[in-house]
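Trainee: Please find one structure pasted underneath; my questions will follow.
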């Protein structure tokens with residue numbers, strides 16, 4: 001696929017093997033600065049995708065990422081970060097990679113070339129018409145991703161595509177396509193570089209924006225986190241303290257009384273309700289802390 005931008009030779013790095021370490025990292029840095037600009041040019045489509053995902057979340061749907069290689073790994077990574085960050089169930093945002101879990105750490109030969117397997121993988125996750133499937137394919141040609149998007153459309157699921165090439169086949173297989181064209185890679189065809197960075201940026205924007213829209217933050221505070229380690233436990237205390245004005249010891253006691261739930265602790269203190277009543281008020285407010293208060 002020599003016509004693809006991501007497969008072309010980068011003229012700034014044609015002498016890469018003759019460069020010093022300082023020169024290599026300098027040219028990589030220069031190229032990486034192009035990524036943010038390419039993503040910025042796609043912000044309208046990114047926002048539309050995030051709104052679509054948020055709407056589907058509200059209607060009981062899910063977001064399923066579908067990709068192969070680096071693209072698949074980045075989808076799995078973003079999905080895995082949602083539960084600890086936003087206290088979402090693991091099934092709300094799902095990352096599916098061609099070749100299955102083994103492909104996270106090693107290449108699975110031929111996995112990306114099997115469109116039928118994508119349909120089988122989506123069926124294994126009980127894909128339905130309330131869901132959104134986001135196909136991630138830097139080249140825009142990956143058969144596994146195209147096959148999955150085709151099946152998603154057949155059953156009425158919404159579809160989003162993410163590629164780093166313009167006018168790719170992916171554009172004919174998804175109703176909304178985000179295409180930050182980052183240009184040729186420093187190492188020709190190594191799309192774990194600029195294309196991977198652009199992909200990570202876009203996925204961050206989509207899930208973060210969707211989560212904010214459904215009430216997972218209070219201002220910019222992570223009030224719906226799941227405190228699975230000491231760092232997050234301390235963060236929970238700091239957030240409760242900041243919002244309520246309690247000192248850290250009192251904030252910890254309030255959290256303990258509310259089962260470690262940050263939003264519940266805040267509502268309980270500021271409204272003088274017990275934990276059960278605070279949870280009920282949050283439920284009535286659709287989980288939105290400001291509305292509950």
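The values are calculated or read from the model by the stated rules, or taken from the named source; none is laboratory data. Because the structure is predicted, anything quoted here is derived from the model rather than measured. All Cβ positions, even for glycine, are placed from backbone atoms using ideal geometry, and neighbour counts span all protein chains on display.
Trainee: Looking at region 93-115, which of its residues are outside any helix (DSSP H, G or I) and either surrounded by fewer than 14 Cβ atoms within 10 Å (Cβ to Cβ) or out of contact with any helix residue (DSSP H, G or I) (no Cβ under 7 Å at 6 or more places or on another chain) (or both)?
Mentor: Residues satisfying the conditions are 100, 105, 106, 107, 109, 110.
Trainee: Right, next: Buried (at least 22 other Cβ atoms within 10 Å of the Cβ) and within 24 Å of residue 210 (Cα to Cα): does that describe residue 140?
Mentor: no
Trainee: Would you point out which residue out of 223, 186, 202, 133 is at pLDDT below 95, in the same structural domain as residue 16 (by TED's automatic domain parsing) and either out of contact with any helix residue (DSSP H, G or I) (no Cβ under 6 Å at 6 or more places or on another chain) or farther than 22 Å from residue 106 by Cα (or both)?
Mentor: Testing whether each residue is at pLDDT below 95, in the same structural domain as residue 16 (by TED's automatic domain parsing) and either out of contact with any helix residue (DSSP H, G or I) (no Cβ under 6 Å at 6 or more places or on another chain) or farther than 22 Å from residue 106 by Cα (or both) leaves just 186.
Trainee: Among (1) part of a helix (DSSP H, G or I); (2) within 22 Å of residue 210 (Cβ to Cβ), which single condition is residue 287 missing?
Mentor: (1)
Trainee: Is it true that some residue in region 3-14 is more than 18 Å from residue 160 (Cβ to Cβ), modelled with pLDDT of 95 or more and part of a helix (DSSP H, G or I)?
Mentor: no
Trainee: Considering only residues that are surrounded by fewer than 24 Cβ atoms within 10 Å (Cβ to Cβ) and within 24 Å of residue 43 (Cβ to Cβ), which ones fall in region 170-190? Show your work before the answer.
Mentor: Let us first name the residues in region 170-190 that are surrounded by fewer than 24 Cβ atoms within 10 Å (Cβ to Cβ), namely 171-173, 175-177, 179, 181, 183-184, 186-190.
Hits for region 170-190 are 171, 172, 173, 175, 176, 177, 179, 181, 183, 184.
Trainee: Evaluate the following for residue 233: is it in contact with a helix residue (DSSP H, G or I) (Cβ under 8 Å, 6 or more places away or on another chain) and either closer than 17 Å to residue 87 by Cβ or in the same structural domain as residue 48 (by TED's automatic domain parsing) (or both)?
Mentor: Details: in contact with a helix residue (DSSP H, G or I) (Cβ under 8 Å, 6 or more places away or on another chain): no; either closer than 17 Å to residue 87 by Cβ or in the same structural domain as residue 48 (by TED's automatic domain parsing) (or both): yes.
Considered against the rule, which asks whether it is in contact with a helix residue (DSSP H, G or I) (Cβ under 8 Å, 6 or more places away or on another chain) and either closer than 17 Å to residue 87 by Cβ or in the same structural domain as residue 48 (by TED's automatic domain parsing) (or both), residue 233 comes out as no.
Trainee: In region 147-156, what residues are under 15 Å from residue 118 (Cα atoms) and either at pLDDT below 95 or surrounded by fewer than 23 Cβ atoms within 10 Å (Cβ to Cβ) (or both)? Break it down stepwise before answering.
Mentor: Let us first name the residues in region 147-156 that are under 15 Å from residue 118 (Cα atoms), namely 147-155.
If the condition is that a residue be under 15 Å from residue 118 (Cα atoms) and either at pLDDT below 95 or surrounded by fewer than 23 Cβ atoms within 10 Å (Cβ to Cβ) (or both), then 150, 151, 153, 154, 155 are the ones that fit.
Trainee: Also: Considering only residues that are in contact with a strand residue (DSSP E or B) (Cβ under 6 Å, 6 or more places away or on another chain) and over 21 Å from residue 128 (Cα atoms), which ones fall in region 49-71?
Mentor: Once the filter is applied, which keeps residues that are in contact with a strand residue (DSSP E or B) (Cβ under 6 Å, 6 or more places away or on another chain) and over 21 Å from residue 128 (Cα atoms), region 49-71 yields only 71.
Trainee: May I pose another question? Could you check region 196-236 and list, in sequence order, the residues that are more than 16 Å from the chain's Cα centre (by Cα), part of a helix (DSSP H, G or I) and crowded, with 18+ Cβ neighbours inside 10 Å?
Mentor: 236
Trainee: Considering each of 266, 239 in turn, give the residue that is modelled with pLDDT of 95 or more and within 26 Å of the chain's Cα centre (by Cα). If you could, list the steps in order and put the result at the bottom.
Mentor: Numbers: 266 fails: within 26 Å of the chain's Cα centre (by Cα).
Selected residue: 239, the only one of 266, 239 that is modelled with pLDDT of 95 or more and within 26 Å of the chain's Cα centre (by Cα).
The rows are residues; the columns are (1) crowded, with 20+ Cβ neighbours inside 10 Å; (2) part of a loop (DSSP other than H, G, I, E, B).
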position	(1), (2)
26	no, no
31	yes, no
57	yes, no
60	no, yes
71	yes, no
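Trainee: Would you pick out the residues in region 136-159 that are in contact with a helix residue (DSSP H, G or I) (Cβ under 7 Å, 6 or more places away or on another chain) and farther than 22 Å from residue 181 by Cα?
Mentor: Within region 136-159, 147, 148, 151, 152, 158 qualify.
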